[in-house]
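Let me begin by presenting the structure, written as structure tokens, before commenting on it.
Throughout, read-outs are computed from the coordinates displayed, never taken from laboratory work. For clarity, every value in this text was computed on a predicted model and none was experimentally measured. Because the Cβ atoms are built from the backbone with ideal geometry, glycine has one as well, and the counts that use them run over all protein chains shown.
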Amino acid sequence: MTSAPALHVVHEPDGEIDLAAAEKAAADLLHALGISTDGESLRDTPGRMARAYAELFSPRPFDLTTFPNEERYDELVLARSIPVRSVCEHHLLPFVGVAHVGYLPGERILGLSKLARVVEHFACRPQVQERLTKQVADWLADQLQPKGVGVVVEAEHTCMTLRGVQAIGSSTVTSTLLGTLRQDPRSRQEFFALTGVNS
């Protein structure tokens, strides 16, 4: 089975990462909140904060390699419980959970690990869950041109569980369905049944 030329995927940040400036800004934030960084245990915290956020906002590049669907496989391909970690763009607090990503193959199929890579690619930036869900689905539909795409994201948002309403244990579920998975009730029902999410 021969593969197509790989598409190298890299997310370019809006600007260059300046760790020194980020560390100074983190120190200023802590001081403004009345937290001293003079003690031994907090002395390096601004630098750790800067490096942590730089890591959260820097997805790894990957090659999206597709293969001819020589067997003409036409049933659902689904990767369940892909770990998701992102940062809410409203409070810059993490949200974590899982994504279920599936597609109905057309002329080409995709390496299964790449489904997780696509989720990571769009999660590594300030996000809202609704946009993240749609970006993953739209990107797969554009790159793979399958008969259908389905994405469900289930996540806990610390901006809702640790502050404000403090709704500990709550989770948010979003979905995007395209093509046959949106148009055909039986395909849609199969997708949701296999993800474990009630339709």
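Assuming R0 = 30 Å, can you tell me the calculated FRET efficiency for the pair LEU93 and GLU40, based on Cβ-Cβ distance, to the nearest 0.05?
0.65
Just report the Cα centroid separation between the stretch 18-51 and the stretch 119-195, whole Å.
So the two Cα centres are separated by 34 Å.
Using unit Cβ charges (K, R positive; D, E negative) and no other charged atoms, how large, in debye to the nearest 20, is the dipole of the stretch 56-135 about its Cα centre?
In debye, rounded to 20, the stretch 56-135 gives about 340.
In Å, what is the Rg of the alpha-carbon atoms in the chain, and how long is Dmax?
Over the chain's Cα set, Rg and Dmax evaluate to 19.9, 65 Å.
What are the residues whose amide H is under 5 Å from the amide H of ILE109, where those residues sit 5 or more places off or on another chain and H is modelled from the backbone?
PHE67, ASN69
Tell me, what ³J(HN,Hα) does each residue in the stretch 39-45 have, in order and in whole Hz, if you take phi through Karplus 6.51 cos²θ - 1.76 cosθ + 1.60 with θ = phi - 60° and put x for Gly and Pro?
These are the phi-based 3J(HN,Hα) values: x, 4, 6, 10, 4, 9, 4 Hz.
Please turn the phi angles of the stretch 157-170 into ³J(HN,Hα) values with the Karplus equation 6.51 cos²θ - 1.76 cosθ + 1.60 (θ = phi - 60°), one per residue in order, whole Hz, x for glycine and proline.
Values, residue by residue: 9, 5, 5, 9, 8, 9, 9, x, 6, 6, 7, 5, x, 7 Hz.
Put a dot 7 Å past each Cα toward the Cβ at LEU112 and GLU55; how far apart are the dots in nm?
2.8 nm
Given the options VAL98, VAL119, VAL152, which has the most mean-square fluctuation in a GNM of the chain, springs set between C-alpha atoms less than 10 angstrom apart?
VAL98
Stretched out fully, how many nm does the piece from VAL128 to LEU29 gain, at 0.36 nm a residue minus the Cα gap?
33.3 nm
Please find the FRET efficiency linking GLN183 to GLU71, where r is the Cβ-Cβ separation and R0 is fixed at 25 Å, and quote it to the nearest 0.05.
Once the sixth-power term is evaluated, E becomes 0.55.
Which far-off residues, 5 or more places away or on another chain, put their amide H under 5 Å from the one on GLY148, with H placed in the peptide plane?
Here LEU104, THR180 satisfy the definition.
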